[in-house]
Structure formats: C-alpha cells, structure tokens
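Just so you know, all these numbers are worked out from the coordinates, no wet-lab data involved. It should be emphasised that the depicted structure is a prediction, and the values quoted were computed from it without experimental measurement. Every residue, glycine as well, gets a Cβ built from its backbone with ideal geometry; the counts of neighbours run over all protein chains shown.
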Amino acid sequence: MLRFYMERIIWSKDDTPGMQGLKPILYLFSLIYGAIVKMRILLYRYGFLHAKSLPCKVISLGNITIGGTGKTPMAIWLAEFLTSEGIRVAILSRGYRGTTSYTVNIVSDGYHVFLRPHDVGDEPVLMARRLKGVPVVAGQNRFKAGECAISHFGAEILILDDGFQHMALKRDMDFVLLDATNPFANGYLLPRGPLREPASHLKRAHAFILTRCDQATNVEKTIRTLTNTFPKIPVFKSVHRPYKLCTLGEDTFLDVGVLSGKKILAFSGIANARTFMAMLKSIGLNVVQFKEYPDHYYYSRKELQQIQREALALNVEAIITTEKDIVRIEDRWPNKLPLSFLAINMEFVDEAFKNFLIKHLKIRAN
C-alpha cells in the first residue's frame, strides 16, 4: 500500500507531521524531475529526438496530472461521435500496468475482446467492452500500435489515449482534460505534487476540456484563468453522468435511482476517488462506508472477502464500485454477495465542442 500513501502525499491528502516533514525532500526531487521534463521537450523541439508521423489523423487526449481527469470517458465519447460521422476510428492505449511483453497488442477488433486487464491494464479493456465497431490497440510504442490499427482495421482517425506527454508520435490535435473541481491540484510537479509537467506547457494544447463541471464551484474562475493565460486556446465544458447501474454476472441493468436512499458500501481503486463518492451522493445513495484504494489497484481475493464481511456487518443493501474497478475484480469476486457497478457517460454542456471537431477535422454533421 506504499503507492497509496504516496498518492495521498502527492495530492496533499495527508497533512500529518511525519508527512509534512517529507514535503521539502519531495520538492527537491520535483525540481530535478522538472528539469528532466523540460530537457526532454527541448530535445524534441530542436530535433535531437524525432517524433514519427502516421499516415492518418491523430487526436491526442491527455492531461497534466497523474490521473483522474476522465480521459477514458472522453475517449469513449470521442470514438462514438466520430464513428457516428462515418469515420473509421481506432484507439491507441499505452496499456498501463499490463504484463504482456508484446510490442503491439490487439485488445479488440471492435467486436471481440481478446485480452484481459492483467495483460494490458484496465482502461483498454474497459474501452474495448464499451465500444462497438472501434478497435483498441495497446502498446508502449504507439507508432507501431498505430501502424497496426491502420493496416488491420483501416483506421482513418486514431485516438491517442493519455498522449499529451507522448511526444514520440506526432498528432494533429492535442486535447487536454482538466478536472474542474481541482484543475491544477497543489501546483507542484511530481513527486511533491501530481503535475506531470508545468502548467505553462499547456500552451501546446489545441483545446481544453473541463470535466466534472457539475461538481465544481469555481468553473467560471478556472475558465477566466485559462483564457487569460492562453487566449488562443478554446475551453469546453463537460460533465460525467451516471447512466446505468449494473450487477456483476447479470446482463440486465437498473436505473441509477433504484437505490436512492439505500445504505451502501462503496469502494474504488481510481485516481480521483472523491469524485466517485460525490457522484454516488448526487444520485441519493446513503454511503455508510467508503473504501479507497490506489489507482489501478489489483485486489486480492482476501481483500474482496474482507469487503464482503464489512458489508454484512454494516447490513448494507448494496455494494458498489466503479466500472473501471469491475474489469479488474470480476474473476475474483466471491459469490457470497452481489456486486454492482456504476457506469458513466461523458456529456458536453452544449454543441460547441462537436462544432469545433466538425470544423477542424473537416467532417460533416449528420
């Protein structure tokens, strides 16, 4: 659980005296990290390192923090929109924490899912399951993954998931997602804070997408900060909507309001667990216990059994987790108690982003 405590320090969630004493040390390391990041960008800018090009359009989705901004729902939304416009789309994913040693891994051909979260990580598998007709290819070498998507599936547009820092592949558009509830976190670079690069580097973006605007209280202030600092880069607002409640092992799903007012135990291993908790409360659930685990956490069977024991002791009416968690634990969940998961969709508050895509990608709206 060391990573869990490190994440709490990085996100400034732990202010105990012992953790406070680590912060000056972490700040020194963040200065070193920042220098390395800037040097790497300069090496690409001046041609010492070379970015490769693919023979189709590439759209990058990324962020400047270590996670939790909603890239996966955004990738799903973008793939579905482009597919609805008659464009052949594929998703390129790094495959975080996957164990496969292959350079390129076809997670899905758009109709069949071939790999498991253990092989390529949870996010590629989640996207592969949600997207019909959209291939998902994973691999640390996104150029070769892109070549595979083009040659095997005839992709016309590639969506580069988590691509803002992946400068080895050229892209036509760079979209950066910022969580409206905490867009710049504590302002520090890793490991003192969650920033993967300085906020000033946002100038590389072609558009900013604010996520979870419905959960934030200072959206307009954030927009003013962005437009004043980067006046040529448009800002678009989006929200995350829970749209169905599913039970593991069952094909049917329920309306999200069916458990309103009911006592539940919830748990998650995602980067921004507080937003999941806020969403549960927003749909009227009575969360009597919430268990938080590290991002991309692989639960042991013993830990899952402990969750069930706690649920029985609390006499809750349901146990709920996230859709991303479910793909990691579905083959290990003990059958004693049912497990539900909340599926979410991303929605934009207006048509501005769709119009932006239609204009800049030169596609026609239906």
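Which percent, nearest 5, of DSSP beta bridges in region 241-346 are antiparallel? Write out the running numbers ahead of the final one.
Working: 8 of 20 bridges.
Antiparallel bridges make up about 40 percent of those DSSP assigns within region 241-346.
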Could you work out how far the C-alpha centroid of region 119-166 sits from that of region 296-330, in angstrom?
29 Å
Magnitude of the Cβ-charge dipole of the chain, K/R +1 and D/E -1, about the Cα centre, nearest 20 debye?
920 debye
Could you work out which residue, out of Gln215, Gln20, Gln305, moves most in a Gaussian network model of the chain, that is, has the largest mean-square fluctuation with Cα springs under 10 Å?
Gln20
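With the Cα gyration tensor of region 253-366 giving a ≥ b ≥ c as the square roots of its eigenvalues, does the rule (a/c under 1.5 for rounded; else a/b larger than b/c for prolate; else oblate) give rounded, prolate or oblate?
Details: a/c = 2.77, a/b = 1.99, b/c = 1.39.
The shape class here is prolate.
Which of Lys71, Lys281, Lys57, Lys362 comes first, and how do the rest follow, when ranked by fewest Cβ neighbours within 10 Å? Numbers along the way, then the final one.
Numbers: Lys71 24, Lys281 13, Lys57 19, Lys362 8.
Lowest count first: Lys362, Lys281, Lys57, Lys71.
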Please rank Phe114, Phe81, fewest neighbouring Cβ atoms within 10 Å first, as an exposure proxy.
Phe114, Phe81
Mind checking which of Gly68, Gly86, Gly154 has the largest fluctuation in a GNM of the chain, springs on alpha carbons under 10 Å?
Gly86
Sort Met167, Met39 by Cβ crowding within 10 Å, fewest neighbours at the top.
Met39, Met167
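Only four residue types carry charge here, +1 at the Cβ of Lys and Arg and -1 at the Cβ of Asp and Glu. Report the dipole size of region 241-346 about the Cα centre in Debye, rounded to the nearest 20.
On the way: 14 positive and 12 negative charges, 54 e Å.
In debye, rounded to 20, region 241-346 gives about 260.
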Put +1 on the Cβ of every Lys and Arg and -1 on every Asp and Glu Cβ in the chain; which of Gln289, Tyr27, Val125 then has its Cα farthest towards the positive end of the dipole?
Tyr27
Dipole axis of the chain (+1 Lys, Arg; -1 Asp, Glu on Cβ), positive-most option in Val136, Ala207, Met39
Met39
Would you mind telling me which residue in Asn105, Asn272, Asn218 has the biggest mean-square fluctuation in a Gaussian network model of the chain, where springs connect alpha carbons within a distance under 10 angstrom?
Asn218
